[in-house]
Amino acid sequence: MSKAYKIAVVGGDGTGPEVVAEGLKVLNAAQHRFGFKLDLSPFDFGGERYLKTGEVLPDGAVNELRQFDAIYLGAIGHPDVKPGVLEKGILLRLRFELDQYINLRPVKLFPGVDCPLKDKGPEHIDFVVIRENTEGLYTGAGGFLKKGTPDEIATQLSVNTRKGVERCIRYAFDCAKKRNKDNKLTLCGKTNVLTYAFDLWERTFYDVAKEYPGIKTDYAHVDAITMWFVKNPEWFDVIVTDNLFGDIITDLGAMIQGGLGIAAGGNINPEGVSMFEPMGGSAPKYKGQNVINPLAAICAGGMMLQHLGEENAGKLIEKAVMDVTGTKIKSLAAGKMGYSTTEVGDMVAQRVADMKE
Ligand code: IPM
Ligand code: MN
């Protein structure tokens, strides 16, 4: 009997549903070719639902999502909803409650994609950032004292647990081993200033390193790493870092790989339900015009398949995307691709159906 996977599909806001539709087109081609089955269940979470019902996530939604093998997400964010409401109420809540403690962000420059870095090509930019996804400055710990007075105090605490840091670092070592590229893991931190949080990270990093004698270890301060991403991106294989630093450096990573149109990510609970998404956001001004680039969503679908154990299908999706960027698309920017959203989805799906593996 062929394998079946239950997938929750959250198109979300803005252009989210359009790019997810193209991702599903490609996933459909993959399931036919590779003989597995995806059982899709749509969910209407997002700004529209919130504006209609006043509810960000309905009661029981998180528990319902626990029944799935994975979640495929488009974008969350609506121009008529105050910033933070949907991000905290949907995206961060799912990450925390489903304990998706890894944020996995491949930074890879595909052939034919314009890179803003002079003299850098696909041979120089191919690394993975592993961002801790449930702790650090994102837990909401802290608060106000004397709010609204001249003596007001606001604190925002970075929460780092040995358990949380260790499981993230262990995942990163495993990733470096599995990639088998340079067999190198770089810890990105700020040990010269954040002498408690990154002391814990550093001690844990070198403790876990003893279990991985085949992996070279390296360290970079977060400020310096932003320079190296621009000057020497070829130095990196796998990078592990905390939640906020990871948030910041992965946006820089997206730019050096050609932009948000191609950047995909996974929110991963290796023992639970993981969620895959394009990084681009809801891009409301392009909604409904069939001009947005669906490649990031398509790549997120490929990552989802790899995570589910359909490695060959996931790899073929990446290969098909690389063929489309290398031979067809003029630019990754919305409206400048030389093709519509649906045409780009068709081109990738066609290749996933016929291309040599
Ligand atoms: C990301 C986003 C989120 C984050 C926002 C939308 C809360 O920027 O996934 O990187 O800060 O983690
Ligand atoms: Mn971000």
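The values are calculated or read from the model by the stated rules, or taken from the named source; none is laboratory data. Just so we're clear, the structure is a prediction, and the values are computed from it rather than from any experiment. With ideal geometry, Cβ positions are generated from the backbone for all residues, glycine too; neighbour counts draw on all protein chains shown. Note: areas computed on protein heavy atoms with side chains; ligands, DNA, RNA excluded. Shrake-Rupley method; radii C 1.70, N 1.55, O 1.52, S 1.80 Å.
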In segment 89-122, residue nearest to ligand 2 (Cβ to nearest atom) [restricted to those that are in contact (Cβ under 8 Å) with a residue 60 or more places away in the chain, of a type in the set (D, E, K, R) and touching a helix residue (DSSP H, G or I) at 6+ places or on another chain (Cβ under 8 Å)]: ARG105
Tell me whether segment 203-223 contains one or more residues that are open to solvent by 20 Å² or more (accessible area, probe 1.4 Å), among the acidic types (Asp, Glu) and closer than 30 Å to PHE68 by Cα. no
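On the basis of being surrounded by 12 or more Cβ atoms within 10 Å (Cβ to Cβ), touching a Ser or Thr at 6+ places or on another chain (Cβ under 9 Å) and assigned to a strand (DSSP E or B), does LEU194 make the cut? Lay out the reasoning, then the answer.
Numbers: surrounded by 12 or more Cβ atoms within 10 Å (Cβ to Cβ): yes; touching a Ser or Thr at 6+ places or on another chain (Cβ under 9 Å): yes; assigned to a strand (DSSP E or B): no.
In short, no.
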Which residues, counting only those in segment 1-26, are in a helix (DSSP H, G or I) and either touching a strand residue (DSSP E or B) at 6+ places or on another chain (Cβ under 9 Å) or modelled with pLDDT under 95 (or both)? GLY16, PRO17, GLU18, VAL19, VAL20, ALA21, GLY23, LEU24
Filter segment 27-78 down to the residues that are outside any helix (DSSP H, G or I), within 16 Å of ligand 1 (Cβ to nearest atom) and either without any contact (Cβ under 8 Å) to a residue 12 or more places away in the chain or in contact with an Asp or Glu (Cβ under 9 Å, 6 or more places away or on another chain) (or both) and list them by number. GLY46, ILE71, TYR72, LEU73, GLY74, ALA75, ILE76, GLY77, HIS78
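Test of understanding: among VAL62, VAL81, which residue is at pLDDT 95 or above, surrounded by 12 or more Cβ atoms within 10 Å (Cβ to Cβ) and farther than 30 Å from ASN28 by Cα? Give the steps one after another, and end with the answer.
On the way: VAL62 fails: farther than 30 Å from ASN28 by Cα.
Within the list VAL62, VAL81, the selection yields VAL81.
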Among the candidates VAL20, VAL26, residue that is more than 17 Å from the chain's Cα centre (by Cα) and buried (at least 21 other Cβ atoms within 10 Å of the Cβ): VAL26
Among the residues listed as GLY272, GLY265, GLY261, the single one being under 13 Å from the mean Cα position of the chain (by Cα) and more than 11 Å from ligand 1 (Cβ to nearest atom): GLY261
Among the numbered criteria (1) assigned by TED's automatic domain parsing to the domain that holds PHE198; (2) more than 16 Å from ligand 2 (Cβ to nearest atom), which single criterion is violated by LEU137? (2)
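For segment 226-236, does any single residue satisfy the condition of being away from ligand 2 (no atom under 16 Å from the Cβ), crowded, with 24+ Cβ neighbours inside 10 Å and modelled with pLDDT of 95 or more? If you could, list the steps in order and put the result at the bottom.
Residues of segment 226-236 that are away from ligand 2 (no atom under 16 Å from the Cβ), as a first pass: 227-228, 230-236.
Still in the list and also crowded, with 24+ Cβ neighbours inside 10 Å: 236.
With modelled with pLDDT of 95 or more added as a condition, the list becomes 236.
The answer is yes, given that some residue of segment 226-236 is away from ligand 2 (no atom under 16 Å from the Cβ), crowded, with 24+ Cβ neighbours inside 10 Å and modelled with pLDDT of 95 or more.
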Selection count, segment 248-296, where residues are within 21 Å of ALA21 (Cβ to Cβ), part of a helix (DSSP H, G or I) and open to solvent by less than 10 Å² (accessible area, probe 1.4 Å): 2
Could you tell me which numbered condition LEU86 fails, if it satisfies all but one of (1) open to solvent by 60 Å² or more (accessible area, probe 1.4 Å); (2) farther than 26 Å from ALA172 by Cα; (3) in contact with a helix residue (DSSP H, G or I) (Cβ under 9 Å, 6 or more places away or on another chain); (4) outside any loop (DSSP other than H, G, I, E, B)? (1)
GLY301: assigned to a loop (DSSP other than H, G, I, E, B) and either in the same structural domain as GLU64 (by TED's automatic domain parsing) or under 20 Å from GLY136 (Cα atoms) (or both), yes or no? no
